[in-house]
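> Can you keep this structure in mind? I'll have questions shortly.
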Amino acid sequence: MLATAEGLTTPLSSTRVSSPPATAAGSGPEPPAAPGLESTRAALEAAGYLADDSAALVSHLAQQLGKPVLVEGPAGVGKTELAKALSRATGRELIRLQCYEGLDEAKALYEWNYRKQLLRIQAEAGGDDRDEAAAGDAVMEDIFGEEFLLTRPLLAAIAATEPVVLLIDEIDKTDQEFEAMLLEVLSDFQISIPELGVVAAQSMPLVLLTSNNSRELTEALKRRCLYLWLDYPSIEREVEIVRLHAPELDAELARRLVEVVGMVRELDLKKPPSIAESIDWARALLLLGADQIDADTFARTMSIIVKHRTDLDLVAERVGMRLPAASRGRDGGDAAP
């Protein structure tokens, strides 16, 4: 049931964990990481997400402070996966709003079930109530009740009785008007419905907004969020990620795979390979029984990490030609990248 009375608004203070006392500057060596931070990192790893220091810290603070998180970075670096991992790690349901150009309130917040309202009006009109004016007022009040409200992702997250993770994915695909509509949700965790009143959060959602940085977001939106920039990981970290999801892959082959993917990303491509595509390639190599990445293996499996026709030609020319031939690779010769 939606909580719409002002008295039912959940105060932020009731959902926050007290912060530890600040340490005076220069009073000694840096204190060790907070146990809660390490717990967050461990929980994310158990959920299949290897978080770096900044991702673990922001994920921890978001839960402690009750603040939304804006995660920006290139496509395919794990922004959406972070929200999914937080959902698994915290045991919260994931509610996802996939943004696109032209997204409006009816698809993001709520809309009225007009067909059901019309049927109710017709049913009431069939009666022989003597006081037609009073009956009409009663019908109008009745058809704008919760029974006729179709909840969309934002309202579903606010009205949820149990804590949820709300993912607002690719917010940069919407316009500034949509961002302005979000401000009430991000600031006060409530939604104003003219016919019903204010719907306040019954439990504090954990909100993540992702952006591929295709346009500059408004300062008003950024001001309400913690900020996290995710980039492609280092070779060592990506090897760890690949082996987490494809543990049967030989360590040496996993490193070579990541190095080749890095060579591909250095090119001017329409779409550089994502971390998920590195994992897909690793699993494909396992299925094919490949024990090395030579020119022949790369040519046959390149389409797993390269998804545009013009990119295929460029990668074949700039990367494929630098890999050893199959026979030479099996003899132990390995061309330097």
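> Quick test for you: out of LEU217, LEU167, pick the one residue that is in a loop (DSSP other than H, G, I, E, B) and either over 16 Å from the mean Cα position of the chain (by Cα) or buried (at least 17 other Cβ atoms within 10 Å of the Cβ) (or both).
That would be LEU217, the only listed residue that is in a loop (DSSP other than H, G, I, E, B) and either over 16 Å from the mean Cα position of the chain (by Cα) or buried (at least 17 other Cβ atoms within 10 Å of the Cβ) (or both).
Every residue, every condition in (1) at pLDDT below 95; (2) outside the structural domain of LEU82 (by TED's automatic domain parsing); (3) buried (at least 17 other Cβ atoms within 10 Å of the Cβ), yes or no:
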site: VAL239; (1), (2), (3): no, yes, yes
site: GLU248; (1), (2), (3): no, yes, no
site: ARG256; (1), (2), (3): no, yes, yes
site: PRO273; (1), (2), (3): no, yes, yes
site: LEU287; (1), (2), (3): no, yes, no
site: MET302; (1), (2), (3): no, yes, yes
site: VAL306; (1), (2), (3): no, yes, yes
site: GLY333; (1), (2), (3): yes, yes, no
site: ALA336; (1), (2), (3): yes, yes, no
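> Hey, among the residues in region 113-152 that are at pLDDT below 75, acidic (Asp, Glu) and within 43 Å of the chain's Cα centre (by Cα), which one's surrounded by the most Cβ atoms within 10 Å (Cβ to Cβ)?
For region 113-152, the residue satisfying everything is ASP142.
> Of LEU208, LEU182, LEU155, LEU186, which residue is at pLDDT 95 or above and under 23 Å from LYS84 (Cα atoms)?
Checking each option against the conditions leaves just LEU208.
> Going through region 78-98 one residue at a time, which ones are part of a loop (DSSP other than H, G, I, E, B) and within 11 Å of the chain's Cα centre (by Cα)?
Answer for region 78-98, where residues must be part of a loop (DSSP other than H, G, I, E, B) and within 11 Å of the chain's Cα centre (by Cα): just GLY78.
> Can you pull out every residue in region 43-61 that is crowded, with 21+ Cβ neighbours inside 10 Å and in a helix (DSSP H, G or I)?
Scanning region 43-61 gives LEU44, ALA55, ALA56, VAL58, SER59, HIS60.
> Still on this structure, please answer the following. If we keep just the residues of region 220-266 that are among the basic types (Lys, Arg) and assigned to a helix (DSSP H, G or I), which is nearest to ILE168 (Cα to Cα)?
Step by step, filter region 220-266, then rank; the result is LYS222.
> Further question on the same structure: State which residue is surrounded by the fewest Cβ atoms within 10 Å (Cβ to Cβ) when the search covers only region 63-112 and only residues that are of a type in the set (Lys, Arg) and within 16 Å of TYR227 (Cβ to Cβ).
Looking at residues that are of a type in the set (Lys, Arg) and within 16 Å of TYR227 (Cβ to Cβ), I get LYS67.
The values are calculated or read from the model by the stated rules, or taken from the named source; none is laboratory data. Not measured: the values here are computed from a predicted model. A quick note on method: Cβ atoms are made from the backbone with ideal geometry, for glycine too, and the neighbour counts reach across all protein chains shown.
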